[in-house]
1. When the residues of the stretch 166-204 are narrowed to those that are among the aliphatic types (A, V, I, L, M), open to solvent by 30 Å² or more (accessible area, probe 1.4 Å) and in contact (Cβ under 8 Å) with a residue 24 or more places away in the chain, which ends up farthest from ligand 1 (Cβ to nearest atom)?
2. Against the conditions (1) touching a helix residue (DSSP H, G or I) at 6+ places or on another chain (Cβ under 6 Å); (2) open to solvent by 20 Å² or more (accessible area, probe 1.4 Å), where does Ser150 fall short? Just the number, please.
3. Step by step: first the residues of the stretch 17-42, then only those that are more than 16 Å from ligand 2 (Cβ to nearest atom) and of a type in the set (Ser, Thr, Tyr), then the one that is farthest from Thr227 (Cα to Cα). Which residue is that?
4. Can you name the residue in the stretch 103-130 that is in contact with a strand residue (DSSP E or B) (Cβ under 8 Å, 6 or more places away or on another chain), of a type outside the set (S, T, N, Q) and not in a helix (DSSP H, G or I) and, of all such residues, is nearest to Lys334 (Cα to Cα)?
5. Report yes if Thr145 is over 27 Å from Glu95 (Cβ atoms), within 16 Å of ligand 1 (Cβ to nearest atom), surrounded by fewer than 20 Cβ atoms within 10 Å (Cβ to Cβ) and hydroxyl-bearing (Ser, Thr, Tyr), otherwise no.
6. For the stretch 266-280, give me each residue that is open to solvent by 50 Å² or more (accessible area, probe 1.4 Å) and either under 30 Å from Glu293 (Cα atoms) or basic (Lys, Arg) (or both).
7. Among Tyr283, Tyr300, Tyr210, which is the only one that is at pLDDT 95 or above, buried (at least 21 other Cβ atoms within 10 Å of the Cβ) and hydroxyl-bearing (Ser, Thr, Tyr)?
Amino acid sequence: MKFLVTGGAGFIGGNFIHYMVNKYPEDTIVNLDKLTYAGNLETCKPVEDKPNYKFYKGDIADRAFIFDLFEKERFDIVVNFAAESHVDRSIEDPEIFVKTNVLGTTTLLDACVKYGIQRYHQVSTDEVYGDLPLDRPDLFFTETTPLHTSSPYSSAKAAADLFVLAYHRTYGLPVTISRCSNNYGPYHFPEKLIPLMISRALANESLPVYGDGANVRDWLHVYDHCTAIDLIIRQGKNGEVYNVGGHNERSNLEVVKTILKALNKPESLIRFVEDRKGHDRRYAIDPTKLETELGWKPKYTFDTGIQQTIQWYLENKEWWQNILSGEYQDYFDKMYAKKIDG
Ligand code: NAD
Ligand code: DAU
């Protein structure tokens, strides 16, 4: 089978490419990535010489390019990871989120309809459900929780989900959607909480915690997200949504303190800074459908996964230090200058 994986030079897409290329040598895995600031071909280095791997640089929202690619490659299955993924950037500049996350998705869907693919899989997020209150630990997101977004990022992801389901109903396109909680693990871009805190703690720099640090995320190791997607594209029911994650809830402050402890760094590095606008309080996934219908079982708990991840960052300094020395530094200075110094 021939797979198109979009966004495969990013964090989760890159991990998925590694997983698929190694697990299924008889399949061809084609990686399409625009190589935005978040795309990094260093992430694909471990598989770039494998005979079942191929890379194209291109934009999922570029209709002419996408249709030419589908004509040439005749994919069986499309897995769409490509997106603008950072909430803080979406608050600063929403437009590119509409272009890539919505228009990019509909462009891929149009090509999938024209070329009659077997399955289109949309990699979505638990953020489409909005947030849960901190004082109701009994509440979880299920697949039927209404969409109720907070940020431009999550709104664009929710819009994309609705288009995916509309293409299924209207044109009969075979689709599935996964809505996953916060991922962490190797190759995570250091603008996101966990890699940001690891890289800054190692440099003895201040750790910017938004608001009171009590916001809760439900952390899933990226490897477990990959196994879930693999299962859903092969055994998931056409037209269905599957939640991925569950029961690894931690407050941001707990996460930061865990990292500091593992690195033997002092808690005095923590700085409470201005809160994110519209900051979601708590995410918590109910993964019952995926576990009972498809038999998915995660390999990592947060406690085992975070130690493996910290170890990876210690052993792969070159990967993330190259990023920190580039245009990322300008982004960090612009985004955090007021928060940290002001
Ligand atoms: P990322 O920002 O690390 O990677 C995104 C990749 O997409 C990059 O390689 C980038 O170059 C590429 N890209 C961006 N715009 C593109 C375009 N127009 N055309 C082609 N490629 C483009 O993101 P991530 O954290 O790996 O997230 C991947 C997907 O998973 C996203 O759809 C995101 O919404 C979803 N998701 C992420 C998480 C998480 O915790 N990171 C959780 C749930 C769902
Ligand atoms: O839930 C899934 C989502 O998880 C994905 O859809 C997104 O693509 C992904 O970026 C992630 O979104 P979050 O906003 O939850 O992740 P982020 O790492 O940006 O922030 C995690 C929490 O940490 C959040 O409550 C904000 C807080 N935070 C973040 C940064 C970058 C801080 O306190 N300080 C920081 O510097």
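The values are calculated or read from the model by the stated rules, or taken from the named source; none is laboratory data. This one's a predicted model, so the numbers in the text were calculated from it and none came from an experiment. Cβ sites come from the backbone with ideal geometry, for glycine too, and all protein chains shown count toward neighbours. Ligands, DNA and RNA are stripped out before the accessible areas are found, and what is left, the full protein with its side chains, is counted by its heavy atoms. Shrake-Rupley method; radii C 1.70, N 1.55, O 1.52, S 1.80 Å.
1. First pass over the stretch 166-204, keeping only residues among the aliphatic types (A, V, I, L, M): 166, 173, 175, 177, 193-194, 196-198, 201-203.
Next cut, open to solvent by 30 Å² or more (accessible area, probe 1.4 Å) only: 166, 193, 202-203.
Restricting the remaining residues to those that are in contact (Cβ under 8 Å) with a residue 24 or more places away in the chain gives 193, 202.
Details: Leu193: 10, Leu202: 20 Å.
In this case the residue turns out to be Leu202.
2. (1)
3. Thr28
4. Going through the qualifying residues, I end up with Val123.
5. Numbers: over 27 Å from Glu95 (Cβ atoms): yes; within 16 Å of ligand 1 (Cβ to nearest atom): yes; surrounded by fewer than 20 Cβ atoms within 10 Å (Cβ to Cβ): yes; hydroxyl-bearing (Ser, Thr, Tyr): yes.
Answer is yes for this residue.
6. Step one: of the stretch 266-280, the residues open to solvent by 50 Å² or more (accessible area, probe 1.4 Å) are 266-268, 271-272, 274-275, 277-278.
Matches in the stretch 266-280: Arg271, Lys277.
7. Numbers: Tyr300 fails: buried (at least 21 other Cβ atoms within 10 Å of the Cβ); Tyr210 fails: buried (at least 21 other Cβ atoms within 10 Å of the Cβ).
Result of the check over Tyr283, Tyr300, Tyr210: Tyr283.
Here is a yes/no grid of residues against (1) hydrophobic (A, V, I, L, M, F, W, C); (2) open to solvent by 10 Å² or more (accessible area, probe 1.4 Å); (3) within 16 Å of ligand 2 (Cβ to nearest atom):
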| position | (1), (2), (3) |
| --- | --- |
| Ile12 | yes, yes, yes |
| Asn15 | no, yes, yes |
| Asp59 | no, yes, no |
| Ile66 | yes, no, no |
